[in-house]
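What follows is a single structure, written as structure tokens, with notes after it.
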Amino acid sequence: MARRHARGTIPTLVGVVAVGIMVLSASSGWGADPFKMGVVDPQAVLERSKAGKRALDALKEYAGSRQRLLAKDEEDLKALEKQLKDQESGMSETQKREKQSQFRTKIQDYQKRAQEFNQELAAKQKELVDDYMKKIQVATQAVAEKGGFSLVVDKGSDTTLKIVIYNRDGVDLTEPVIKEFDRQNK
């Protein structure tokens, strides 16, 4: 029950804060400028901007090259397994156990390399996202300041935490942020 409550807390809190800010700014004369709120989809900025596409393509190429190495290792293991089966009838029990032990060691090495690759890829992906989120934040700030926006919220997406349930098209700053991002990151 505590988990169910915790999931709804962040979107609810964001909504309460946004409504509170709007009420304060409207009722108290808290600033001469009208309150403007916008949303941006950072995932779309990363995927659709020129610099983001280049970074994602480089990450895909890295993953592809590592995957090709693992595929080669897998082919070698299959060939070795076939060779062992073909030669098994002419071996003594001691030789069979020794070859099977060597084969198991090679499988374990392959599995270890695959696990290390997955960890490397996850680390590179996290590094890329962290780096680009900082750049997206800078581009978003520039667009928000030019447009007089007081608050810009992460729109989220179906693959990430969805914070914004509804927004008018006029407050979605994703396209201008993509243009600003490309201008800043040539």
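Rounded if a/c is under 1.5, else prolate if a/b beats b/c, else oblate: with a ≥ b ≥ c from the C-alpha gyration tensor eigenvalues square-rooted, which is the range 36-184? It is prolate, given that a/c is not under 1.5 and a/b is the larger ratio. Exposure proxy shown here: for ARG48, ARG104, the number of other Cβ atoms within 10 Å sets the order, fewest to most, as ARG104, ARG48. In plain terms, the chain from ALA58 to GLN108 could stretch by 15.1 nm, reckoned as 0.36 nm per residue minus the Cα-Cα distance.
For the pairs LYS53/LYS124; LYS53/LYS112; LYS112/LYS162, flag any whose C-alpha to C-alpha distance is greater than 27 Å. Flagged as over cut-off: LYS53/LYS112; LYS112/LYS162.
Here the gap between ILE163 and MET37, fully extended at 0.36 nm per residue and compared with their Cα-Cα distance, gives a gain of 44.0 nm. Cross-link reach is defined here as a Cα-Cα straight distance under 16 Å, omitting same-chain residues fewer than 8 places apart; for LYS85 the aspartates and glutamates meeting it are GLU75, ASP76, GLU93, GLU98.
Since every read-out is calculated from the coordinates, none of them should be taken as a lab result. Quick caveat, the model's predicted, so the values are computed rather than measured. Cβ coordinates were reconstructed from backbone atoms using ideal geometry, including for glycine residues, and neighbour counts include every protein chain displayed.
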